[in-house]
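The values are calculated or read from the model by the stated rules, or taken from the named source; none is laboratory data. Quick caveat: nothing in here was measured; it's all calculated off a predicted structure. Counting neighbours? That spans all protein chains shown, and the Cβs are built from the backbone with ideal geometry, glycine included.
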Amino acid sequence: MALVRWDTARELDSLQGEMNRLFSSFFDTPATKGAANASGRRWIPAMDLIEAKEQFVLHADLPGIAEGDVNVEVENNVLTISGERKTEHEEQHEGYYRLERATGAFSRSLSLPEGIDPDTVTASFEQGVLTVRIPKPAQAEPRKVTIGVGASAGQDTIEAQAA
């Protein structure tokens, strides 16, 4: 049995070559007729969720999508944003060299805290950015519970706070 010396540089070169091959095959696949997008990737819009004092504010980047092509729903404490970015390249006779902008349907869902009133959620759409404002639910206030002692429960009482 022959011993082969471990060469770290050779192994890293091999790994880099394999990664380059993987990414090349992923990004450089030719567009097929009827495909949702050129690379076969699923499009998921970027979102930011910010917690302010009185509300949660969600910003979603939806460039190239009309306001009417976006749906915002709140059901069972789940906020769902869905829609579709349609392809602009319907004619097949043009010679496209690279199609990187993903198209197709998308859907994003976020769990909301208990107690959100769906009727208070508002959404606006400006310059390709969807803004959804979700008012925080009112916090439950602790209440005092009176504890009676023995047979004279009404005379001697101890006050405690419920957690």
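Right, residue 114: modelled with pLDDT under 85 and over 19 Å from residue 47 (Cβ atoms) or not? Outline the logic, then answer.
Working: modelled with pLDDT under 85: no; over 19 Å from residue 47 (Cβ atoms): yes.
In short, no.
Modelled with pLDDT of 85 or more and among the β-branched types (Val, Ile, Thr), is that true of residue 87?
Values: modelled with pLDDT of 85 or more: no; among the β-branched types (Val, Ile, Thr): yes.
No; evaluated as a whole, the condition is false for this residue.
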Subset of the range 108-135 (residues that are among the polar types (S, T, N, Q), surrounded by 13 or more Cβ atoms within 10 Å (Cβ to Cβ) and farther than 12 Å from residue 59 by Cα): 120
